[in-house]
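Following: one structure in structure tokens, then a few remarks.
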């Protein structure tokens, strides 16, 4: 049974479909030799595998998305294993792609320890309970404060960045990414141009990888019954900040804060010669009956102006999305080592991705069983989802939504 079949069966049994979003004759070249100087020596390594049915052009696009993230993320010892599949009719209508990350529950103390070692976030401004340092404060519906949580959720990739011992198989999957096969895709990201009737494949792949890195909210899983995530430790409202707690409710105005909710994280963009200060706002949930804006909470607010970042929930035809400083700030504060202003040689990154894709593609035909980048990993995906726990009741990932052409 391939991954597409598994996902269809899983979705049918659950009755709960999320409604929002979005080889040669020689072994494969070592990644470090392949990419040369295009990616810094100190960088995250992405190890992609692919379900049969993907094209060489699509492989190159995914590899380019990984290369771009690697330029920004400087966690040298972190290897992220992601399986990618082109599926058709599996994602909900209007969804371009979906990420199902491996999820791990960790102690709040362990999270603080990892952030302390990283050195970016001020752990004294986290929502720690006034009664116990190993617990944190969460504002729930009705203004109720829960001070008893001593655990939170992270993606396994995020947990690796925090330096935690996963006590598991280092080759295990950190995420499963689906991209909709029927979409009219463009693969011209490096050229900077997308036709007005196409969606940019690389932009969507970058977005889904971002979820795998840890840009997720527990609010989206099981209607908020899951634990908060690492990113949720920086999710506030005016009401929750007054109660010294993160906001774990649907609806209202939710903002990203790095100082315990005292104020939203602000960033400046200029239009012409006029600089304007903007706030970093989160989407507020799919459930519009509870006041949500219709988008998963695991995104920047999609209708915010200006563009907030690659982790906004929608992408338009004819548009290319790039990683913003705000995207990088969020990942920095959940434990990643970030280079905010690297030298990006996009043509070189693209050439390297194409070279690797060629190697992967040719490896199917050389008879070398060690070259297994393209293979069925249904059982690995199923095991990852079962071990993650939050997928057991039918909720299965984070999506990006197609938006009408601008």
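What follows draws every value from the coordinates through simple rules; no lab data is involved. Quantities reported herein were computed from a predicted structural model and do not represent experimental measurements. Heads up, the Cβs are rebuilt from the backbone with ideal geometry, glycines too, and the neighbour counts pull from every protein chain shown.
Placing a pseudo-label 7 Å from each Cα along the Cα-to-Cβ vector at residue 242 and residue 375 gives an inter-label distance of 5.8 nm. Pairwise inverse Cα distances across the range 218-295, averaged and inverted, put the Kirkwood hydrodynamic radius at 13.3 Å.
Antiparallel beta bridges, as assigned by DSSP with both residues in the range 3-403, represent about 60 percent of the total such bridges.
Full extension of the chain between residue 307 and residue 358 yields a length gain of 14.9 nm, computed as 0.36 nm times the residue separation minus the alpha carbon distance. When peptides 180-189, 199-208, 102-111 are ranked by their average number of other Cβ atoms within 10 Å per residue, the highest-first order is 199-208, 102-111, 180-189. Classified by the C-alpha gyration tensor, the range 261-394 has an oblate form. Its axis ratio a/c, with a ≥ b ≥ c, is 1.5 or above, and a/b does not exceed b/c. In plain terms, the C-alpha convex hull of the range 166-273 casts an average shadow of 11.9 nm² when viewed from every direction. Between residue 196 and residue 88, the distance separating the two model label sites (each 7 Å from Cα on the Cα→Cβ line) works out to 2.9 nm. Taken over the range 3-403, the alpha-carbon convex hull comes to 135 cubic angstrom per residue.
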